[in-house]
Amino acid sequence: MRFEDLTPDQIPEHVAIILDGNGRWAKENGKLRQQGHKAGADNVETINDALTEMGAKYLTVYAFSTENWKRTEDEVSYLMGLMKRYLIKNKKDAIARRTRIRIIGDKSRLAPDLRELMEEVERDTAHLDRFNLTFAINYGGRDEIVRAAKALARKAQNGELDPETITEETFASYLDTAGMPDPDLMIRTSGEERTSNFLPWQLAYSELYFTPVYWPDFTVDELKKAIVSYAGRQRRFGGR
Ligand code: FPP
């Protein structure tokens, strides 16, 4: 099957990506790790644009995990600075392309200026609906589930919610991804074949695609290969 032969309904509505391999890409190309992350951030723009053109609706990328704080202080501050520059640079573009930007994860540990910038970009793009770009920053899936459970427990404790009425839908509406459809396809680059605490609730029924290609080398052609693989799979699970 060739990408060009796919019909619009074979394009995944929501693609989630674990951006992995920036460091190894840098090393193999004789560059600094920082340059790897910069190339990785640039590639988010490329893949975001390609998915928008293909007719997909959502791209969610894992840009910083709750585990990433263990990296050197230099690398953490570089990644935070990169996120800031990315949001400043891309806000106008996102509005022009009618893209809504969301940030999922626990923002409480982020620097106040970055948090404010994130909230501003989320607010100023909240009405846009051609495409949805979501960054997972200081995100951990179990942490997200625990935060949702706490919020539900608080409501029950205040007598605002009867625990017996909680359904999967209610629970999902307390997650950071409330209102978003679950990913159809999850891609992880650079050879690791794990989901590493990325969207554990939301990926329950998603197709998974792993490639040895490092994230900065994940071109539009690689994306097309992933989508052809996705389209060729028979999705058999209880009707979802
Ligand atoms: C994994 O590569 C990547 C990350 C920990 C961060 C991902 C971040 C970006 C692509 C840049 C930030 C994004 C935006 C849009 C501002 P790695 O460092 O784990 O690579 P390695 O496993 O080869 O060392």
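Every read-out reported here was derived from the displayed coordinates using simple, explicitly stated rules and does not represent laboratory data. Bear in mind the structure is a predicted one, so any value in this text is a computation, not a measurement. Ideal geometry is used to build each Cβ from the backbone, glycine not excepted, and the neighbour counts take in all protein chains shown.
Some observations on this one:
- Per-residue Karplus couplings for region 163-168, computed as 6.51 cos²θ - 1.76 cosθ + 1.60 with θ equal to phi - 60°, are listed in order as x, 5, 8, 6, 10, 4 Hz, Gly and Pro entered as x.
- Using just its DSSP H runs of length 4 or more, each adding -39500 (n - 2.57), the chain gives a mean residue ellipticity at 222 nm of -14000 deg cm²/dmol after division by all residues.
- Database remark: amide H of residue 132 closer than 5 angstrom to the amide H of 58, 59, 100 (H placed geometrically; neighbours at sequence offset of 5 or more, or on other chains; Pro and chain starts carry no H).
- Ordering 44, 121, 15, 76 from the fewest to the most neighbouring beta carbons within 10 Å gives 76, 44, 121, 15.
- Cα-based radius of gyration of region 117-240 once divided by 2.2 N^0.38 Å, which approximates compact folds: 1.27
- Taking GluC sites (Glu not before Pro) across region 129-173, the ones in a DSSP loop with at most 12 further Cβ atoms lying within 10 angstrom of their Cβ are 160.
- Region 98-194: trypsin sites (Lys or Arg not before Pro) in DSSP coil with no more than 14 other Cβ atoms inside 10 Å: 98, 130, 194
- 3J(HN,Hα) couplings calculated from phi for region 196-212 with the Karplus curve 6.51 cos²θ - 1.76 cosθ + 1.60 (θ = phi - 60°) are, in sequence order, 6, 6, 9, 6, x, 5, 6, 8, 3, 10, 7, 6, 10, 10, 10, 9, x Hz; Gly and Pro show x.
- Likely footprinting exposure, 206, 173, fewest C-beta neighbours within 10 Å first: 173, 206
- Long-range amide H partners of residue 199 with built H, under 5 Å: 141
- Relative contact order computed over the chain (Cα-Cα under 8 Å; 6+ residues apart), in percent: 29 percent
- Residues whose placed amide H lies under 5 Å from that of residue 20, excluding near-sequence neighbours: 189, 215
- Here the contact order of region 137-240, divided by its residue count and restricted to Cα pairs under 8 Å and six or more residues apart, works out to 26 percent.
- The local environment of residue 22, defined by Cβ-Cβ distances under 9 Å, has a net charge of +2 under the rule Lys, Arg +1 and Asp, Glu -1.
- Measuring nothing but alpha carbons in region 20-179 and taking Rh as the Kirkwood radius, the Rg to Rh ratio lands at 1.02.
- Here is the list for region 129-220: chymotrypsin sites (Phe, Trp or Tyr not before Pro) lying in DSSP coil, each with at most 14 other C-beta atoms within 10 angstrom of its C-beta, are 205.
- Neighbour-count order for 69, 25, 215, fewest beta carbons within 10 angstrom listed first: 69, 25, 215
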